[in-house]
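No value in this document is a laboratory result; all are computed from the given coordinates. In this text the structure is predicted, and so the values were computed from the model without any measurement. No Cβ is skipped: glycine too gets one built from the backbone with ideal geometry, and neighbour counts run over all protein chains shown.
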Amino acid sequence: MDETRNVKIQVRGVSKVFGKNPKSALKLRDQGLKRPEILEKTGQTLGLSDISFDVYEGELLVIMGLSGSGKSTLIRCLNRLIDTSEGDILIDDEHIPSLSEKALLECRRRHFSMVFQNFALFPHKTVLQNAQFGLEIRGIAPAERDKKARESLTQVGLDGWEDAYPNQLSGGMQQRVGLARALANDASVLLMDEAFSALDPLIRKDMQQELLQLQSRMQKTTVFITHDLDEALNIGDRIVLLKDGEVVQIGTPEDILTKPADDYVRRFIEGVDRSRILTAESAMRPVRSTARESDGPRTALRRMRDHSIDSIYVTDRDRKLLGLLEADAASHAIEAGADTINEYMTQDFRKVTTDEPLQNLFAMFSDKSFPIAVIDEQQRLLGVVVKGAVLDELARAGE
């Protein structure tokens, strides 16, 4: 995550005690007691303990943990559906715990939309009416809310279903309506609490991909709650992993897999298919040598011989990738008396961006075994991936 991006939400030292005397529970916590001991001594439950993290503008942050870890409590503290016992939560520098009821209501309308596990659709309302509901209770004019609701339904792929009722839709389609309703409100932050947990596995996978596509288009700041590690690794820009109301580790999916914070995290990630999560960037190696488009075939062939390679990538002065030259093609160019290598380059090679999953790379290695080129958005050559590097990276992650 690029930490130069604006921070949208700041969470600092947040704790939540369920009970009538939270100060006594927090005092025991400060003395080093854990949740079970505090419950035994006070009858109170330490739901969250000293939670701190940031959510960046446009980030999809996943908060995950097993049942009872505090993840749903935490997401409800963000929009103050649950009051914290201590700590600070700020959104765009607005201090949520200290807001009056009126200011809190306005803050929620401006900043927060929620998507729940159980869809929460009105069975007697059409798809369009359900998508409009949040706008309706805000008093938005009928024409405007109709326009915004239709636009949000288009974004989630429900064109043509405006007049249908929830019982006519599949589970995945019903969840899309819930997502459309949240998007129509145009809040700055989307809170999703176990949003896909009630769906069948195949539909759930489809919804995860649709969320990623939607996120790519809209760059909506999203906090997503899940107990499913595969889901967290699949969709999260970063993951906040909770255990017994405490943060165990915060990091990217790759961080969680390759640098687990403790034995709990190591046990948690056992059995995960690392090839789906680790990316080309993790296996990328520096390019030994490149050729310029203006080079002659003898120069290009000499560079290949100097570096013991039988092909070389060709770039311009800005390292934009133009093609690949094989040693045999360079020899033919010399025999033909060619001054440059332009006509002898091939485009028959594979190139990927840094975020390409490793599992996709194996099938890309052709019989000729050209290194896979890794490029950025400007098509500049960043490095290469060879088959051995993919295997090495997976082996290291397994260790």
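Shown in residue order for the range 374-388 are the 3J(HN,Hα) couplings computed by the Karplus curve 6.51 cos²θ - 1.76 cosθ + 1.60 at θ = phi - 60°: 10, 10, 9, 5, 8, 6, 7, 6, 9, x, 9, 10, 10, 4, x Hz (x for Gly and Pro).
Counting only DSSP beta bridges with both residues in the chain, the antiparallel share comes to about 60 percent. For the range 1-66, the set of trypsin sites (Lys or Arg not before Pro) satisfying both a DSSP loop assignment and a count of at most 15 other C-beta atoms within 10 Å is given as Arg5, Lys20, Lys34.
Take the Cα pairs of the range 1-155, get the Kirkwood Rh, then feed it into Stokes-Einstein at 4 °C and 1.567 mPa s and tell me D in µm²/s.
Estimated via Stokes-Einstein, D reaches 72 µm²/s.
A crude spin-label estimate for the pair Asn360 and Ser98, with each label 7 Å from Cα along the Cβ direction, gives 4.7 nm.
Just want to confirm a number: the relative contact order over the chain, from Cα pairs under 8 angstrom separated by 6+ residues, in percent.
Reported as a whole number, the value is 15 percent.
Round to the nearest 0.05 the FRET efficiency obtained for Glu57 and Asp163 when R0 = 51 Å and r is the Cβ-Cβ distance. Taking R0 as 51 Å, the efficiency between Glu57 and Asp163 is 0.90.
Could you tell me the calculated FRET efficiency between Glu136 and Glu293, based on Cβ-Cβ distance and R0 = 56 angstrom, to the nearest 0.05? Between Glu136 and Glu293 the formula returns 0.40. Here is the result for the range 168-272: no chymotrypsin sites (Phe, Trp or Tyr not before Pro) lie in DSSP coil with at most 15 other C-beta atoms within 10 angstrom of their C-beta.
Give the separation of the Cα centroids, the range 215-242 to the range 48-69, in Å. Computed from Cα coordinates, the inter-centre distance equals 10 Å. When the C-alpha to C-alpha distance is required to be over 28 Å, the pairs from Lys205/Lys243; Lys23/Lys71; Lys71/Lys125; Lys20/Lys259 that qualify are Lys71/Lys125; Lys20/Lys259. Ratio of Rg to Rh for the range 269-333: 1.19 [Cα atoms; Kirkwood radius as inverse mean 1/r over pairs].
Using the alpha carbons of the range 281-398, what is the convex hull volume per residue in cubic angstrom, as a whole number?
It comes to 96 Å³ per residue, whole-number rounded.
Whole angstrom only: what separates the Cα centroid of the range 253-321 from the Cα centroid of the range 323-357? So the two Cα centres are separated by 18 Å. Bridgeable aspartates and glutamates around Lys148 (alpha carbons under 19 Å apart, same-chain partners fewer than 8 residues away excluded): Glu136, Asp159, Glu162, Asp163, Asp186. For Asn118, the shell of other residues with beta-carbons less than 11 Å away shows a net charge of -2, using +1 for Lys and Arg and -1 for Asp and Glu.
How high is the FRET efficiency between Glu343 and Glu377 when r is their beta carbon distance and R₀ equals 25 Å, given to the nearest 0.05?
Once rounded, the FRET efficiency stands at 0.30.
In vacuum, with every alpha carbon of the chain counted as one equal point scatterer, what does the Debye formula give for log10 I(q)/I(0) at q = 0.08, 0.10, 0.11, 0.12 Å⁻¹? Two decimals, please. Relative scattering, expressed as log10 I(q)/I(0), comes to -0.58, -0.81, -0.91, -1.01. Using DSSP to define loop residues, name the GluC sites (Glu not before Pro) in the range 234-297 whose beta-carbon has at most 12 other beta-carbon atoms within 10 Å. In loop regions of the range 234-297 (DSSP not H, G, I, E or B), the sparsely surrounded GluC sites (Glu not before Pro) are Glu270.
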